[in-house]
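This report concerns only the one structure given below.
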Amino acid sequence: MSPTERLGNVFDALTGRGATQNPNELPWNPDASRFPSRKELPKIPGAPNQAAWVWGKDDQVLP
């Protein structure tokens, strides 16, 4: 990424311009310039308030 592109991404993030990630849309878009704050994350039943993790379709718990 060039310095100009990086500066543009920082500007977009600070001004709220550019792609904004919807907290309910998974997987998240890595090219978004703004990601949800902890307060904006969806409530996950049984998880702590403002939990900042999600299970992906390929995640699994092995014994």
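Here are the numbers for the structure shown:
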read-out	value
Selection from region 30-43 of residues that are closer than 22 Å to ASP58 by Cα and exposed (fewer than 13 other Cβ atoms within 10 Å of the Cβ)	PRO30, ASP31, PRO42, LYS43
Residue that is nearest to VAL10 (Cα to Cα) [pool: residues in region 34-51 that are in a loop (DSSP other than H, G, I, E, B), of a type outside the set (A, V, I, L, M) and touching a residue at least 12 places away in the same chain (Cβ under 8 Å)]	PHE35
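Rule-based calculations on the coordinates, nothing more; no lab input. This one's a predicted model, so the numbers in the text were calculated from it and none came from an experiment. Because the Cβ atoms are built from the backbone with ideal geometry, glycine has one as well, and the counts that use them run over all protein chains shown.
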